[in-house]
1. When region 157-187 is examined, which residues are found to be within 9 Å of the ligand (Cβ to nearest atom) and under 20 Å from residue 200 (Cβ atoms)?
2. Between 16, 96, which is in the same structural domain as residue 173 (by TED's automatic domain parsing) and buried (at least 20 other Cβ atoms within 10 Å of the Cβ)?
3. In region 365-388, is there at least one residue being over 22 Å from residue 433 (Cα atoms) and touching a helix residue (DSSP H, G or I) at 6+ places or on another chain (Cβ under 6 Å)?
4. Is it fair to say residue 149 is on the phi < 0 side of the Ramachandran plot and within 16 Å of the ligand (Cβ to nearest atom)?
5. If you go through region 393-407 one residue at a time, do you hit one that is buried (at least 19 other Cβ atoms within 10 Å of the Cβ), out of contact with any helix residue (DSSP H, G or I) (no Cβ under 9 Å at 6 or more places or on another chain) and over 14 Å from residue 357 (Cβ atoms)?
6. Can you name every residue in region 68-127 that is within 14 Å of the ligand (Cβ to nearest atom) and under 22 Å from residue 289 (Cα atoms)?
7. Of the residues that sit in region 206-217 and are in contact with a strand residue (DSSP E or B) (Cβ under 6 Å, 6 or more places away or on another chain) and within 17 Å of residue 85 (Cβ to Cβ), which one is farthest from the ligand (Cβ to nearest atom)?
8. Just the residues that are touching a strand residue (DSSP E or B) at 6+ places or on another chain (Cβ under 8 Å), in a loop (DSSP other than H, G, I, E, B) and more than 23 Å from residue 106 (Cα to Cα), please, taken from region 250-291.
Ligand code: URA
């Protein structure tokens with residue numbers, strides 16, 4: 001077996017065997033296959049796709065490219081460890097709000113998380129706005145922290161799904177992110193390796209994510225739920241809207257501020273609707289107990305259920321209480337402190353990085369907000385320095401955009417639509433030119449966008 005013939009086979013639209021997939025990705029992880037050949041295979045997969053069996057084999061090969069964690073000695077016997085992951089979006093700080101709420105309510109949250117990918121932000125980049133905070137934890141540190149405070153946010157390590165670590169960074173700079181099999185394998189390999197019993201996925205659809213259409217997001221959700229169930233994980237996938245940025249802030253430090261404000265009870269309605277749904281799903285998974293795994297269940301037909309009910313009044317009341325009592329915010333502060341961050345910056349948000357140039361942008365006509373192009377907002381944030389264009393680019397945590405309106409809002413001429421945070425006036429001017437075309441005001445009334453399109457379990 002050799003790398004070139006595997007690349008050629010996929011280039012020509014043939015189906016790869018499990019052995020070929022394992023060979024290629026394990027040799028790549030061991031650095032015996034160079035980056036340019038991995039880039040070529042990713043591009044071939046991007047154009048030719050993979051069938052369900054190939055995607056499953058790729059996921060399991062990537063999960064097995066390093067260690068698999070067993071977290072059960074970190075929690076009381078019988079406790080279900082629940083993980084949460086988003087398929088990527090603009091302004092998506094859901095993890096930073098839902099994670100501490102869930103942990104405050106006694107659900108252990110053990111999460112392996114990522115950096116920004118293209119125009120989509122990453123939890124690690126956001127958390128690194130806090131002085132000293134680090135995502136680099138050894139397996140022992142990860143387990144100790146989970147035992148002690150019930151929440152961990154760790155980055156990809158050299159030992160956990162390292163194939164995804166390498167591939168994720170490569171795909172970002174070769175234009176091979178929006179591929180259904182590559183996204184499914186990337187997300188599910190790290191979730192499987194990180195050892196949670198149940199996984200709640202937030203699969204986004206719209207201009208600010210890699211799946212533009214709700215239909216595509218549903219296919220991705222189905223695929224990931226199927227893969228997870230086959231390897232004995234409890235699986236839920238919410239399909240959520242990413243046509244406009246989520247919440248109000250886009251940009252690393254700005255999103256930390258918004259997450260903290262949300263934990264103080266001042267969250268924006270769209271963000272909080274998603275947060276409540278994610279936490280409710282985590283609760284539901286934890287109530288189901290640990291799923292079982294057998295050779296038969298790996299091969300069996302998987303039963304998928306579609307539907308969505310908003311959280312029950314009991315679950316809502318628990319979440320409300322976690323926020324109003326300050327317990328969820330306290331959990332976030334514990335998470336910051338445990339990973340070396342300066343907690344004083346959370347108590348005094350003005351101490352977080354702040355851009356030197358702040359410019360408002362106002363509506364030049366009255367009407368209703370008809371569209372806020374999430375991708376353009378994400379790309380503008382990257383242009384301002386808040387994301388990466390090359391693998392080793394440094395992030396400017398200060399920059400970003402604060403939205404003052406959402407789709408469906410009525411606006412008057414001169415009313416502020418957004419506030420731009422930039423490192424200098426020149427980049428601010430360029431960003432405002434771009435953003436002025438990304439918000440559309442209509443003369444007739446527009447309905448607000450739905451937050452959640454559906455759910456698979
Ligand atoms: N999130 C991931 O972890 N991987 C992807 O490929 C996309 C989003």
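1. Residues satisfying the conditions are 164, 183, 184, 185, 186, 187.
2. Numbers: 16 fails: in the same structural domain as residue 173 (by TED's automatic domain parsing).
Going through 16, 96 in turn, just one is in the same structural domain as residue 173 (by TED's automatic domain parsing) and buried (at least 20 other Cβ atoms within 10 Å of the Cβ): 96.
3. First, pick out the residues of region 365-388 that are over 22 Å from residue 433 (Cα atoms): none.
No, the conditions are met nowhere in region 365-388.
4. On the way: on the phi < 0 side of the Ramachandran plot: yes; within 16 Å of the ligand (Cβ to nearest atom): no.
So residue 149 fails the test.
5. Yes - at least one qualifying residue is present in region 393-407.
6. Of all residues in region 68-127, those within 14 Å of the ligand (Cβ to nearest atom) come to 83-90, 92, 94-95, 111-125.
Once the filter is applied, which keeps residues that are within 14 Å of the ligand (Cβ to nearest atom) and under 22 Å from residue 289 (Cα atoms), region 68-127 yields 83, 84, 85, 111, 112.
7. 217
8. Correct list: 251 only.
The values are calculated or read from the model by the stated rules, or taken from the named source; none is laboratory data. On a predicted model such as this, the values are computed, not experimentally measured, just so you know. So basically every Cβ, Gly included, is an ideal-geometry build from the backbone, and we count neighbours across all protein chains shown.
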